[in-house]
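A short write-up of the structure that comes next.
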Amino acid sequence: MAEVSGKSFLPESLPGYTADIAGQLGLLWELIRVPLIAPLLRVCVYICLAMSIMVFMERLYMGVVIVLVKLFWKKPEKRYKWEPMKDDLEMGSAAFPMVLVQIPMFNEKEVYKISIGAACNLSWPADRLVIQVLDDSTDLVIKDMVEKECIRWASKGINIRYQIRETRGGYKAGALKEGLKHDYVKECEYVVIFDADFRPEPDFLRRAVPFLIHNRDIALVQARWRFVNADECLLTRMQEMSLDYHFTVEQEVGSATHAFFGFNGTGGIWRIAAINEAGGWKDRTTVEDMDLAVRAGLKGWKFVYLGDLQVKSELPSTFKAFRFQQHRWSCGPANLFRKMVMDIATNKKVSLYKKFYVIYSFFFVRKLIAHMFTFFFYCVVLPLSILVPEVDVPKWGAIYIPCIITTLNSVGTPRSFHLLFYWVLFENVMSFHRTKATFIGLLEAKRVNEWVVTEKLGDTLKNKSHSKSAAPRRSLSKFLGDRIQLQELGFALFLFICGCYDFLYGKNNYFIYLFLQVITFTIAGFGYIGTIVPSS
């Protein structure tokens, strides 16, 4: 039997043996590449191609339906009974139902005045409106500021209630659930929810409530989000592109064809009876809004999306805040799918077609496959195929289908079409975090219930730019901890190696894409994405 020396991990009798470690590693790679690596990678390619076809068919279906909706479908005001709210001199304010406005907050120093002011300016009889500020703030100074703002509006005749809890149990879901338990809420038929950065127009209730009054089977009316800071930086422009597709296509198609979509957690008005029938707010996942929507949908309730009813809001403009938000938005749906897939499949109140739509289209493809396909195919399998020339990725899977999918995704934000290429590179970076969060949700691993409130800046930057006091220096360790992302930098190094190999020995010219992706991962790894908030 051939001996292995202390300086070698391969038998010296192997053909092509060399004494240096680099040569031995190269020989080992040649030995395992064809019999072991190539078959495994080939299977991965087939799986990724299957996922790409699923995502492509889903996007194509959505594209066809949205065209039909825009050309032939009637607007919601025509599909459902709807009459404008009119002031009745005889009945007075009694012609208007009681509406509860809930504004959940947590240390919202920069934006609390905006949401409270917008809610207090809603065009609705003062005696038929209850505004509930659900403040879970841990900062006593901020709590005092919010309470004083509520007192200020109450002195103007607004029925506004400042509510606090002893603990933050259940986070936002817990706050909303606790808010519905107060005695004065029993008089309310509907509840509208606005996060602390949301700014509804005064006519919001007059346009949304008639759908609930005249259609007893409608549980939810969802408005579209518009973003006041979309032009703040490239990060917010990228988010606008993704979210505009969600609202312009996904929400519209779900509402028009199935009367079902996921509640967005804010900017929508619920029938309180539907919330109660569905089992109320639950904090078992980080997407309490989607959880409630699915349970209400399984009870037979219908949802209406109003694309023309728009509410202004703020996008997270720091990379740190955006990453935390995306973790919650990716982990939560995956965890909810794990918990509810059997309940959906065995439900007897909704049609088989609707169950298939919810399980396959709404959850499986959009919330699971889309993230995994993007990450594994473009950031792992395609680069590895360069190092294993025995594995071939067909052009239709590597180029043509992705280009069509990308083009279909761009329809929501035509003004940003010129940013499409940057958006693809950025989405590939974020797919790593979304895929990781998706697996955490499916496996209920650590961080599955992590809830970090998305930071809103409001006028922070404007105020700090006018401040004359010099900011203190931050330590190097804190700077590195806040900015340097080793995982992104690790992927940048991996893709750089694959790109160099393709440049030297490849035949498909993938190195052009890989080097651009390396740049994007590197920028993300050093934290130079989004707004940089100066320390105070």
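The values are calculated or read from the model by the stated rules, or taken from the named source; none is laboratory data. Predicted model, so just to flag it, every value in this text is computed and none were measured. When we count neighbours, we look across all protein chains shown, and the Cβ atoms used for this are built from the backbone with ideal geometry, even at glycine. Please note that ligands, DNA and RNA were not included when accessible areas were found on the heavy atoms of the full protein model with its side chains. Shrake-Rupley method; radii C 1.70, N 1.55, O 1.52, S 1.80 Å.
Which value, in Å³ per residue, describes the convex hull spanned by the Cα atoms of the chain?
Numbers: hull volume 104.9 nm³, N = 536.
Considering the Cα atoms of the chain, their hull volume per residue is 196 Å³.
Against the globular-protein guess of 2.2 N^0.38 Å, express the Cα radius of gyration of segment 76-317 as a ratio, rounded to two decimals.
After normalising by residue count via 2.2 N^0.38 Å, the value is 0.98.
For the charge dipole of the chain, defined by +1 on Lys and Arg C-beta atoms and -1 on Asp and Glu C-beta atoms about the Cα centroid, which residue among W270, M57, F426 has the Cα displaced farthest towards the positive pole?
Positive-end residue among those listed: W270.
Give me the dipole magnitude in Debye, nearest 20, for segment 76-317 about the Cα centre, with unit charges on the beta carbon: positive for Lys and Arg, negative for Asp and Glu.
Working: 32 positive and 37 negative charges, 98 e Å.
So the magnitude is around 460 debye.
Could you tell me the center-to-center distance, by alpha carbons, between segment 154-173 and segment 271-334 in angstrom?
Centre-to-centre (Cα) distance: 20 Å.
Computing the accessible area with a 1.4 Å probe over protein heavy atoms, can you report the carbon and sulfur percentage for the chain? Before the final figure, lay out the partial values.
On the way: 15390 of 25130 Å².
The nonpolar share, carbon plus sulfur, comes to 61 percent.
For segment 76-317, with the dipole built from +1 on Lys and Arg beta-carbon atoms and -1 on Asp and Glu ones, taken about the Cα centre, which of H258, F247, G179 lies farthest toward the positive end?
H258
Please give the per residue accessible area of segment 76-317, computed with a probe of 1.4 Å over protein heavy atoms only, in Å². Intermediate values should be presented prior to the final figure.
Working: 9100 Å² over 242 residues.
Normalised by residue count, the accessible surface of segment 76-317 is 38 Å².
Measuring from label point to label point, each 7 Å out along Cα→Cβ, what is the L140 to D203 span in nm?
Computed distance between label sites L140 and D203 equals 4.7 nm.
Would any residue of segment 122-137 have its amide N under 13 Å from a label point 7 Å out along Cα→Cβ of D87? List them or say none.
123-126
Ranking request for peptides 375-385, 269-279: highest mean number of other beta-carbon atoms within 10 Å first, then the rest in descending order. Could you put the intermediate results ahead of the total?
On the way: 375-385: 21.7, 269-279: 18.8.
Going from most to least packed, we get 375-385, 269-279.
Mind checking which aspartates and glutamates have their C-alpha under 20 Å from K507, skipping anything on the same chain fewer than 8 residues away?
E30, E390, D392
Would you mind working out the magnitude of the charge dipole of segment 227-329 relative to its Cα centre, with +1 at each Lys and Arg C-beta and -1 at each Asp and Glu C-beta, to the nearest 20 Debye?
Working: 11 positive and 13 negative charges, 82 e Å.
Around 400 debye, computed over segment 227-329.
Of the listed pairs K78/K299; K148/K186; K78/K302; K172/K299; K75/K349, which have alpha-carbon separations greater than 20 Å here? If you can, show how the numbers build up before the last one.
Working: K78/K299 25 Å; K148/K186 26 Å; K78/K302 16 Å; K172/K299 23 Å; K75/K349 26 Å.
Cα-Cα > 20 Å for K78/K299; K148/K186; K172/K299; K75/K349; rest within.
Please get the size of the charge dipole for the chain, origin at its Cα centre, with Cβ charges of +1 on Lys and Arg and -1 on Asp and Glu, quoted in debye to the nearest 20. List each step's numbers first, then the result.
Details: 65 positive and 53 negative charges, 128 e Å.
Dipole about the Cα centre, nearest 20: 620 debye.
So between K507 and V34, what do we pick up on full extension, going 0.36 nm a residue minus the alpha carbon distance?
On the way: separation 473, 0.36 × 473 = 170.28 nm, distance 1.87 nm.
That works out to 168.4 nm of additional length.
Considering only C-alpha atoms, what is the centroid distance from segment 177-192 to segment 82-133, in Å?
Distance between centres, Cα-based: 13 Å.
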